[in-house]
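Report on the following structure.
The values are calculated or read from the model by the stated rules, or taken from the named source; none is laboratory data. What you see is a predicted model; the values in this text were computed from it and never measured. Side chains are part of the model used for accessible areas, which takes the heavy atoms of the whole protein and leaves out ligands, DNA and RNA. Shrake-Rupley method; radii C 1.70, N 1.55, O 1.52, S 1.80 Å.
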Amino acid sequence: MNDAARKPPVFCGQSAAVLWGLPLIEVPEEVETLVMPGPGGGRSRNGIRRRLAVPEDCEVVMLDGLRVTSMDQTIRDLAAMLPLTGSLPAADRAASFWSQSGRSPEEFGERVLSQLGGLSKVKQRRVQRVLAAADPASGSPANH
């Protein structure tokens, strides 16, 4: 998909989670990419789900030669879109990655919480609930 695109895509949501090595409970049915507002954004079709990006809330990094949302933004997006059971294993693993790199899980939570501005109050509460439950030392299958 990356090679076939006129403009390299930005992988987001569950697709970004897969690229980051974060566990998902279910295999995503579609590849998720971000599109910037404006003409030519395209429609979701052929197994590709296009999500409208909010430029000021968008943190894009390079990962193995692919454009992908940052791990923090990916966790925020999963927590906002999926039920707790679907997003918690990924949040546990991300918190574990932070812990293994010498950073505190609290710092991880603060980074994710700093990116809530563009979300509705309901989605903000969902993200906060996932972060409150995330544990880098959990017995979650994500951390084994």
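When averaged across all projection directions, what area in nm² does the alpha-carbon convex hull of the stretch 59-144 cover? Mind showing how you got there, number by number?
On the way: hull surface 22.6 nm².
That works out to 5.7 nm², a quarter of the Cα hull's surface.
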May I ask you to give the percent of accessible area on the stretch 83-144 that is carbon plus sulfur, with a probe radius of 1.4 Å?
54
